[in-house]
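Bear in mind that the values in this text are calculations on the coordinates, not laboratory data. Since we're looking at a predicted model, the values are computed, not measured. Cβ atoms come from the backbone with ideal geometry, glycine included; neighbour counts cover every protein chain shown.
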Amino acid sequence: MPLSLIATLCLLTTQAPGASLTPRDSAFHALNRLAYGARPGEADSIARLGVMRWIEQQLDADHVPDPRIAEHERQFKILDYDRADLAGRYRDATRERQRLQREAAATGDSTRMRDARPMQEFRELGGQLQQLAIVRAAVSERQLREVMVDFWTNHFNVFVGKGADRFLLPSYIEETIRPRAFGRFEDLLIATAESPAMLFYLDNAQSVAPGSRPPAQRPPAFLLRRRFGMNEMPEERRQREQRRPTGINENYARELLELHTLGVDGGYTQQDIIEVARIFTGWSIEPPERGSGFVFRDWAHDHGTKHVFGLTFRDDGKDEGIKLLKFLANEHATMHHVSAKLCARFVADEPPDGCVDAAVTAWQQTHGDIRAVLRAIFTSPDFWSAQAVRSKVKTPFEFVVSAVRATGVEPDDTPRLAQLVARLGEPLYQQPAPTGYAETEEHWVNSGALLARMNAAMMLAKDCSSIPAIDDHAQLVEMINQQLLAGTMSAHTRTVILEQLTDIHDPEQARVMAVGLALGGPDFQRQ
Amino acid sequence: MSISRRVFVKNGGLALVSLGLDPLFLARSVFARYRPLPPPTASDRPILVCLFQRGAVDGLNMIVPHGEPAYYQERPRIAVPAGDVVDLDGHFGLHPSLAPLKELWDNKSLAAIHAIGSPDATRSHFDAQDYMETGTPGVKSTGDGWMNRYCQHDREHADTPFRAVAFGPQLPRILAGSAPSLAIDDLQAFGLRVPQEAARDRLTRAFEELYDGAGTGLLASSSREGFEAVQMLKRADPTQYRPAAGVEYPPGRLGKTLLQIAQLIKADVGLEIAFADCSGWDTHVNQGSSDGQLAARLRELGLALAAFNRDLGERMHNVVVLTMSEFGRTIRENGNSGTDHGHATAMLALGGPVNGGRVLGKWPGLGVEQRFEGRDVAVTTDFRDLFGEILARHLSATDLGTVFPGYTPSPDRFLGAIRG
């Protein structure tokens with residue numbers, strides 16, 4: 001779409017009834033939704049550039065210069081390791097911990113457990129992943145891409161605390177999600193289906209056709225001696241056999257339909273789930289010592305014919321699954337479900353039909369080009385309507401990152417900010433349920449969480465570098481209004497803050513108090 | 001609807017009637033006792049305290065079937081010798097570390113539930129804990145926990161911020177959902193964290209005023225709840241709390257947590273559900289028998305529960321404490337003198353309303369043919385039947401169908417854990 005046309009559209013939409021946004025208000029709104037909030041002065045510079053031009057730039061992320069991000073990313077060692085490295089480190093750490101456990105149990109001395117250094121190191125490495133997300137969200141100039149990486153990581157949620165996902169998650173985010181955040185939905189869907197992280201998380205890795213058995217593998221001679229010699233009891237052998245997966249596992253099939261594609265009201269049945277699960281039998285992962293990559297095990301695949309959604313899948317190995325994913329990716333229910341979720345993120349908790357319909361139309365026209373779908377949302381009148389502007393409450397992640405951006409706090413590679421986000425109730429990648437975290441305010445606003453936000457605000461206020469300590473309180477509060485809230489501070493907030501400052505004479509104290517109240521107050525919770 | 005729902009409910013049943021809707025409390029189901037409920041902060045309000053033994057406790061060494069020869073055959077190194085067991089009924093006995101609970105058994109306020117667990121066969125801690133907390137075994141996408149769903153539905157007492165409290169840094173899955181619930185890591189540090197009291201009060205007032213101007217949305221009502229909670233707690237003054245005379249909680253996290261729960265109960269702030277984790281039960285290696293690793297964990301549990309019971313004294317007449325764990329452990333000990341992930345486990349219920357002095361549930365036996373998949377204790381009681389009974393008969397829950405979707409615990413299957 002040529003820029004001039006977009007500019008026209010923008011002109012039309014901002015003139016829609018009820019929306020009398022100034023160029024600066026439009027820029028601030030766009031920064032609140034397509035980015036993690038505004039840095040001081042940023043709303044003005046985008047207003048000067050033209051908000052629709054900025055949105056087009058964000059949609060073309062590869063061409064947005066991002067000079068500072070590389071230097072920040074270099075601080076994170078986790079990016080230097082591939083999946084096999086991490087698998088190895090995790091295996092070593094687990095062995096070391098087991099060894100120490102045995103020792104501790106033998107000597108009755110549990111204090112030695114704290115010496116499990118490799119596991120601690122591995123955990124710290126895992127923690128870097130959360131901190132990295134915060135640094136990228138705060139620092140990157142390609143803000144919309146970061147928002148979309150977060151959106152898809154949450155849509156295709158994987159819980160980092162489940163077994164092998166402790167070491168599979170980094171490559172899931174870096175290699176599966178990140179490169180496809182702006183691509184075609186279909187490619188993203190297939191990539192997640194083939195990702196070891198998802199295959200492990202939703203148990204498809206152990207889904208096998210009933211009655212199938214792995215081809216007989218004669219173990220090496222030395223193992224044979226060990227296994228069938230004195231060391232293994234028949235009972236242990238029997239138990240090992242029992243641990244081998246023996247049937248289909250429906251978990252992935254169910255969540256694929258309910259959460260990833262059609263949606264809970266997508267009109268499928270339990271029989272459909274079973275047929276889908278049969279199609280994905282054999283989609284599995286290699287053992288960790290071989291890198292834990294994707295593998296299709298033909299012996300575990302159900303070779304029978306499957307009937308689902310009016311389609312017939314005859315014995316065609318892995319291609320059955322690919323064919324099904326391509327079909328699901330462009331079903332109307334999927335387009336509607338995913339578009340509504342995008343609109344809940346970008347427009348309103350309960351999105352109006354108009355923007356959802358616009359997104360679905362763009363999806364149909366472009367065969368699921370995510371950029372086109374997003375563009376349709378950002379040019380829809382609903383996005384710019386008065387009802388949408390500042391109607392959403394920030395999630396804990398959005399709250400912390402937007403505060404960091406507004407206050408000029410320099411995010412570092414320590415876990416400090418990640419811990420803060422966790423304390424506010426959204427520990428990153430730690431949602432056990434495949435639903436991911438909720439987008440709506442009722443999940444984030446409760447009394448304990450609000451008190452925690454106020455504490456966080458006071459803490460961040462101490463490090464604020466974007467507001468100088470000045471004597472004149474009125475000037476101080478006006479500066480906070482401009483720099484932190486792009487001029488949207490309510491009269492009530494202004495009055496209350498000024499009242500609080502009356503007997504504070506130390507400018508530094510006044511600054512921390514005023515910034516803290518502004519960040520922890522109701523205006524800054526909204527976006 | 002989501003924005004106004006909480007405010008709406010807070011304004012009470014009259015608003016519901018005037019809109020032509022049936023207030024939830026008129027729609028009582030067959031489970032409910034038709035007894036008038038005390039106001040939320042009254043001291044005789046029923047309370048449920050749940051402890052989740054994360055890691056899968058070995059039910060067989062907690063409540064020992066010392067009358068079963070198979071128990072001793074399968075566990076040559078880790079079985080608790082019959083002479084050490086604190087006998088309960090000639091067949092079962094308490095692990096000696098739980099001896100402090102024997103007097104509760106004798107006065108009929110402690111019951112054990114054996115062979116309880118999930119209909120789902122998973123032996124993954126993660127999945128099994130998830131199922132136990134969502135209350136939907138086998139269904140992973142359930143968004144909220146069963147305790148929260150109970151609070152969503154039975155909202156008669158929704159007007160205290162302390163109705164449902166999880167002790168820990170984050171809200172656990174069991175309490176996740178749209179009904180307000182609090183996660184409190186440390187009672188004494190709840191509220192705004194400012195060292196000096198005067199400064200703290202001042203900041204609290206400032207934020208209170210800020211949010212007072214935020215209109216009528218969820219932000220405003222939640223902040224009001226939060227500041228109410230801070231005020232209530234300030235009046236209760238947790239820093240001054242002393243347990244009842246002669247009561248000493250064991251050192252460690254569990255003791256501290258139960259002390260704080262007791263404190264909150266005595267403060268009459270409207271607590272109805274308290275939840276806490278207690279970990280360290282995944283005994284794959286050298287679990288020990290009468291002494292050792294598991295014995296040490298059980299000792300802490302026994303001492304903490306006994307202290308809690310004595311600390312609350314008369315207040316226990318309307319308190320039920322329930323332990324739960326995601327699954328049990330293998331009947332046979334493994335090569336490392338430990339046990340691996342199994343199926344059914346045992347739970348403990350104590351308190352005045354408990355129909356104690358009995359081991360509840362149908363005992364399946366330990367014979368090979370009686371086992372689940374040939375190796376584990378079979379589940380004869382679905383955990384939802386026990387949870388459901390406690391909700392219905394102790395907390396007077398009105399609609400168990402929405403608490404446990406897809407499964408309606410039936411009074412026919414209730415074990416009789418709560419006195420009639």
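Close amide H contacts of B:G328 (hydrogens built in the peptide plane, cut-off under 5 Å, sequence separation of 5 or more or a different chain): B:G342, B:H343, B:A344, B:T345.
In this rough spin-label picture, where each label sits 7 Å from Cα along the Cβ direction, the A:H505-B:Q240 distance is 3.5 nm.
Sparse packing (at most 13 other Cβ atoms within 10 Å of the Cβ) combined with a DSSP loop state is found for the following trypsin sites (Lys or Arg not before Pro) in the stretch B:322-410: B:K362. In a Debye calculation with equal point scatterers on the alpha-carbon sites of the stretch A:60-149 and no solvent, what is log10 I(q)/I(0) at q = 0.12, 0.20, 0.24 Å⁻¹? Summing over Cα pairs of the stretch A:60-149 leads to -0.54, -0.94, -1.13. For chain A, the share of alpha carbon pairs falling in successive 10 Å distance bins from zero is 3, 16, 24, 24, 17, 9, 4, 2, 0 percent.
I need the calculated FRET efficiency for the pair B:D412 and A:R314, taking r as the beta carbon distance and R₀ as 45 Å, to the nearest 0.05. The pair B:D412/A:R314 has a calculated efficiency of 0.40. With the helix formula -39500 (n - 2.57) applied to DSSP H stretches of n ≥ 4, chain B reaches a computed 222 nm mean residue ellipticity of -9000 deg cm²/dmol. Restricted to Cα atoms, the stretch B:245-287 shows a radius of gyration and a Dmax of 14.1, 44 angstrom. Restricted to Cα atoms, the stretch A:396-525 shows a radius of gyration and a Dmax of 15.4, 52 angstrom.
For chain B, the relative contact order is 30 percent, taking Cα pairs closer than 8 Å that sit 6 or more residues apart in sequence and dividing their mean separation by the residue count. Selection among B:A179, B:P76, B:L219 by position relative to the dipole of chain B gives B:L219 as farthest towards the positive end (Cβ unit charges, Cα centre). Over chain A, DSSP H runs of length four or greater, each weighted -39,500 (n - 2.57), average out per residue to a 222 nm ellipticity of -17000 deg cm²/dmol.
Peptides B:342-349, A:268-275 ranked from most to least packed give B:342-349, A:268-275, packing being the mean of other C-beta atoms within 10 angstrom over each peptide's residues.
Spin-label model, B:D89/A:H307: points 7 Å from Cα along the beta carbon direction are separated by 5.3 nm.
Taking all Cα pairs closer than 8 Å and separated by 6 or more residues, the relative contact order of the stretch A:407-527 comes to 30 percent.
Think of chain B as having a plus end and a minus end, set by charges on the Cβ of Lys, Arg, Asp and Glu; of B:S410, B:G93, B:F162, B:F162 sits farthest toward the positive end of this dipole. Helix B:218-236 and the longest principal axis of the Cα set of chain B meet at an angle near 70°.
Each part reduced to its alpha carbon centroid, the stretch A:182-206 and the stretch B:235-268 end up 48 Å apart. The magnitude of the dipole of the protein assembly as shown, with charges of +1 and -1 set on the Cβ of Lys/Arg and Asp/Glu and taken from the Cα centre, is near 1380 debye.
In order along the stretch A:174-184, phi translates into HN-Hα couplings of 6, 9, 8, 7, 3, x, 10, 4, 10, x, 9 Hz, rounded to whole numbers, per the Karplus curve 6.51 cos²θ - 1.76 cosθ + 1.60 with θ = phi - 60° and x for Gly and Pro. Secondary structure note: in the protein assembly as shown, about 50% of the DSSP beta bridges are antiparallel. Across the cross-link table entries B:K108/B:K362; A:K341/B:K140; B:K234/B:K266; B:K140/B:K362, which are compared at the Cα atoms, the separations over 22 Å belong to B:K140/B:K362. On the basis of the beta-carbon distance and an R0 of 56 Å, A:R99 and A:T495 show a calculated FRET efficiency of 0.30.
The charge dipole of chain A, taken about its Cα centre with unit charges on the Cβ atoms of Lys, Arg (+1), Asp and Glu (-1) only, comes to about 1720 debye. Take each residue of peptide B:218-229, count the partner chain Cβ atoms within 10 Å of its Cβ, and average: the result is 5. Of all segments of chain B bounded by GluC sites (Glu not before Pro) found in a DSSP loop with no more than 14 other C-beta atoms within 10 Å, the longest spans B:1-247.
Pairing the Cα long axis of helix A:332-346 with the longest principal axis of chain A, what angle in degrees results, from 0 to 90 and rounded to the nearest 10? It works out to around 40 degrees. Computed on the Cα atoms alone, the convex hull of chain B gives a volume of 142 cubic angstrom per residue. Per-residue extension of 0.36 nm, minus the Cα-Cα distance of A:D80 and A:E141, leaves a gain of 19.7 nm for this segment. Both the radius of gyration and Dmax for the protein assembly as shown are 29.0, 89 Å, in that order, over alpha-carbon atoms.
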